[in-house]
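**Q** To start, I am sharing the structure in question, which I have written as structure tokens.
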Amino acid sequence: MLDHLIKGATVVDGTGTPSYTADVGLRDGRIAVIAEPGTVPEEARSSEDATGLVLAPGFVDPHTHYDAQLFWDPYATPSLNHGVTTVAGGNCGFTLAPLNPARPADADYTRRMMAKVEGMSLVALEEGAPWSWSSFGEYLDALEGRIAVNAGFMVGHCALRRHVMGEDAIGGQPTPEQLERMLALLHEAMAAGAWGFSTTQSATHSDGDGQPVASRHAAPAELLALSRAVAEHEGTQIEAIVAGCLDQFSDAEIELLVEMSAAAGRPLNWNVLTIDAAVPERVPRQLIASERAREAGGRIVALTMPILTPMNMSLGTFCALNLIPGWGDILGLPVPERIEQLRDPAVRAEMLRRADSKEAGVFRRLTHFGRYVIGDTYSAANEGLTGRVVKDIAAERGQEPFACLVEICANDELRTVLWPMPTDNDPDSWALRAETWQHEDVMLGGSDAGAHLDRMCGAPYTTRFLGDCLRGRKLMGLEQAVQMLTDDPAQLFGLRERGRVEEGWHADLVLFDPARIDAGKATLVHDLPGDSPRLDSRAIGINAVWVNGVETIREDVVTGAVPGTVLRSGRDTRTVSTK
């Protein structure tokens with residue numbers, strides 16, 4: 001007997017081939033039968049009429065930071081709501097394991113680092129996760145049997161360094177013995193099922209003490225030694241971030257990424273490729289790394305988002321504005337001193353000069369202050385400004401836009417929420433995106449779901465992209481769009497029997513209404529441990545989501561089931577060799 005029968009669905013199977021109408025039966029977590037409508041002889045415990053609805057593989061998000069959130073939110077919301085059934089975590093060199101049992105304080109260091117570098121709630125990290133593990137395998141075991149999505153995790157370089165080197169991980173170089181211990185820990189983690197190795201060399205990544213995170217101090221020899229270790233384990237990968245990911249790679253960064261992928265004989269993915277017609281040289285420069293990797297026997301894949309993800313800003317709390325060269329010194333001051341400095345015309349002029357410099361890279365996109373929209377305000381002086389554009393307010397007041405924005409924020413003691421309007425929402429940029437998505441080494445993803453919780457909400461990129469393809473710009477046909485969200489990332493990670501609607505494969509499925517599929521506006525909710533805030537987005541037009549054949553979402557509401565699997569390298573992933 002079938003567990004469930006989905007009747008008359010329009011099946012978009014993830015391979016890019018034309019859709020077809022079929023009945024799809026599920027049994028024991030697998031797709032048991034795909035047949036012409038009305039021809040399935042087997043009885044089913046339950047069934048539903050899916051006429052006019054699309055049945056697709058569950059979406060695979062290749063870049064998340066759900067490492068901690070899954071402990072208090074096994075549904076990985078809102079990703080699961082938006083049809084994501086498999087998430088990749090442990091990215092950017094940041095993981096919660098391994099932890100050195102001889103130094104209990106390392107857990108506190110890790111929590112504070114994650115709160116700073118990935119914008120997670122410190123209270124939620126402290127109260128929402130058990131912190132009961134030492135080894136990476138114990139961390140994976142702590143999640144086993146209690147999650148509603150499938151999840152795989154890289155091993156973070158920062159955790160490896162901290163475990164072995166302690167405080168010397170910041171600024172120090174490992175002795176030969178310490179490097180051997182790091183390698184042993186990495187091997188141990190991959191033997192337990194870690195997907196591979198992740199690292200960051202990005203200048204934007206600092207720990208809770210404001211110091212460059214541990215992996216930023218690693219020399220190329222250390223990175224290559226760890227990459228070679230990845231080659232010894234089945235079904236593994238590398239994920240790496242360097243400073244040039246934000247704008248354009250240096251020659252040295254390209255050489256490093258190429259050597260790491262070639263040394264491992266495994267794909268290396270990075271994020272995020274920002275596509276903007278105003279900077280036409282960026283895409284070809286970034287994809288040189290992929291060309292060089294293929295020549296050297298490696299493969300480098302750029303992740304890019306198919307939507308524009310709004311990110312709010314603030315002059316009061318840490319955000320991307322702090323990463324503009326020279327701005328962190330001002331925005332890190334106590335609030336009264338910060339306001340005094342920001343009100344100084346000479347200080348503002350220097351800040352604007354630095355923000356417009358080449359060294360600001362991609363952060364130059366954030367400095368069109370006249371295009372900011374005022375969000376939540378907190379003072380009588382700012383009453384009525386929510387939803388208004390700064391340039392309009394500045395014109396009324398006879399002020400320069402940045403000066404006007406500073407005054408508004410100062411009235412709220414810098415608590416004002418600011419929403420920059422995107423500068424790359426033009427037809428030329430969208431045309432360039434559609435062209436770039438076709439490149440063999442470009443893949444959709446980079447949501448950062450689970451991180452930067454009160455600043456951005458990238459998780460709904462799946463539903464918003466499909467809605468745009470079906471009813472908006474229509475840059476991609478439905479079959480290709482689904483393939484880009486399912487089979488493409490599944491193939492990159494070597495997922496075994498996931499990413500397609502195919503008989504015998506795992507029943508990770510999403511059923512949606514093509515006339516309605518979309519994502520609601522991001523809104524601030526307080527549902528994290530400690531009542532901490534995050535941005536959430538309602539899924540529109542998603543009828544149901546199944547993970548391993550079990551219904552986990554019905555009409556945007558979680559069912560309470562936790563059928564997800566901790567996906568372990570080798571067992572659940574096959575090797576995707578670059579050789």
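**Q** Using the Kirkwood radius over C-alpha pairs as Rh, can you work out the diffusion coefficient of the stretch 347-499 via Stokes-Einstein at 4 °C, viscosity 1.567 mPa s, in µm² per second?
**A** Approximately 70 µm²/s, per Stokes-Einstein.
**Q** Just add up the charged neighbours of ALA403: K/R +1, D/E -1, any other residue whose Cβ is under 11 Å from the Cβ of ALA403.
**A** Numbers: positive: ARG343, ARG348, ARG397; negative: ASP344, GLU400, GLU407.
Once all neighbours under 11 Å are counted, the net charge is 0.
**Q** So which aspartates and glutamates can LYS521 reach, going by Cα to Cα under 19 Å and dropping same-chain residues fewer than 8 places off?
**A** Excluding near neighbours in sequence, the set is ASP376, ASP448, ASP454, ASP468, ASP513, ASP536, GLU555, ASP556.
**Q** I'd like the projected area of the stretch 224-383, averaged over all directions, using the convex hull of its alpha carbons. Report it in nm² with one decimal.
**A** Computing the convex hull of the Cα atoms and averaging its projections yields 12.5 nm².
**Q** Give the Kirkwood hydrodynamic radius (Å, one decimal) of the chain, defined as one over the mean of 1/r across all pairs of different Cα atoms.
**A** 24.5
**Q** Right, another one. Round to a whole angstrom and tell me the spacing of the C-alpha centers of the stretch 124-140 and the stretch 14-75.
**A** So the separation of the two Cα centres works out to 31 Å.
**Q** Another one. Would you mind telling me the antiparallel percentage of the DSSP bridges in the chain, rounded to 5?
**A** On the way: 39 of 73 bridges.
Antiparallel bridges make up about 55 percent of those DSSP assigns within the chain.
**Q** Keeping the other protein chains in place, figure out the carbon and sulfur percent of the accessible area of the stretch 141-278, with a 1.4 Å probe.
**A** 49
**Q** I've got another one for you. For ILE553, what residues show an amide H to amide H distance below 5 Å, using hydrogens built from the backbone and excluding near sequence neighbours?
**A** VAL545, THR559
**Q** Pull out the extension gain between ARG571 and THR317, defined as 0.36 nm times the separation in residues minus the alpha carbon to alpha carbon distance; nm, one decimal. The partial results should precede the final answer.
**A** Working: separation 254, 0.36 × 254 = 91.44 nm, distance 4.29 nm.
Once the chain is fully extended between ARG571 and THR317, it gains 87.1 nm.
**Q** Would you grab the residues whose amide H sits under 5 Å from the one on VAL11? Only those 5+ places off in sequence or on another chain, please, with H modelled 1.01 Å from N.
**A** TYR20, THR21, ALA22, LEU55
**Q** Find the centroid of the Cα atoms in the stretch 459-518 and in the stretch 326-399, then give the distance between the two in whole Å.
**A** With the stretch 459-518 and the stretch 326-399 each reduced to a Cα centre, they are spaced 39 Å.
**Q** For the stretch 10-17, take each phi angle, set θ = phi - 60°, evaluate the Karplus expression 6.51 cos²θ - 1.76 cosθ + 1.60, and give the result in whole Hz per residue in order, putting x for glycine and proline.
**A** 7, 8, 10, 7, x, 8, x, 6
**Q** Might you tell me the accessible area per residue for the stretch 167-266, computed with a 1.4 Å probe and given in Å²?
**A** 35
**Q** Additional query: State in Å² the accessible area per residue of the stretch 481-561; use a 1.4 Å probe, count heavy atoms of protein chains only, and round to the nearest integer.
**A** Numbers: 2870 Å² over 81 residues.
For the stretch 481-561, the per-residue accessible area is 35 Å².
**Q** Any chance you could list P(r) for the stretch 141-244, counting all Cα-Cα pairs in 5 angstrom bins from zero, rounded to whole %?
**A** 2, 12, 23, 22, 18, 13, 6, 2, 0
**Q** A follow-up question, please. At 4 °C and 1.567 mPa s, grab the translational diffusion coefficient of the stretch 432-565 from Stokes-Einstein with a Kirkwood Rh over Cα pairs, rounded to a whole number in µm² per second.
**A** Numbers: Rh = 16.4 Å.
It diffuses with D of about 79 µm²/s by this estimate.
**Q** For the stretch 91-165, max minus min Cα coordinate along each principal axis, in Å, sorted largest first?
**A** For the stretch 91-165, the Cα spread along each principal axis is 34, 24, 22 Å.
**Q** Please list 3J(HN,Hα) in residue order for the stretch 469-480, calculated via the Karplus relation 6.51 cos²θ - 1.76 cosθ + 1.60 where θ = phi - 60°; whole Hz, with x for glycine and proline.
**A** Each residue's phi maps through the Karplus curve to give 5, 7, 10, x, 6, 6, 6, 9, x, 4, 4, 6 Hz.
**Q** Short version: ³J(HN,Hα) in whole Hz for each residue of the stretch 67-84, in order, from phi by Karplus 6.51 cos²θ - 1.76 cosθ + 1.60 (θ = phi - 60°), x for Gly and Pro, what are they?
**A** Calculated HN-Hα couplings, in order: 3, 9, 4, 4, 6, 9, 9, x, 8, 6, 6, x, 4, 4, 4, 8, x, 7 Hz.
**Q** Just the number: Rg to Rh for the stretch 499-569, Cα atoms, Kirkwood Rh, two decimals.
**A** Ratio of gyration radius to Kirkwood radius for the stretch 499-569: 1.04.
**Q** Separation of the stretch 243-318 and the stretch 83-108 by C-alpha centroid, Å?
**A** Going from one Cα centre to the other spans 23 Å.
The values are calculated or read from the model by the stated rules, or taken from the named source; none is laboratory data. These numbers were taken from a predicted model, which means no experiment stands behind them. Don't worry about glycine lacking a Cβ; one is built from the backbone with ideal geometry, like all the others, and counts go over all protein chains shown. Ligands, DNA and RNA are stripped out before the accessible areas are found, and what is left, the full protein with its side chains, is counted by its heavy atoms. Shrake-Rupley method; radii C 1.70, N 1.55, O 1.52, S 1.80 Å.
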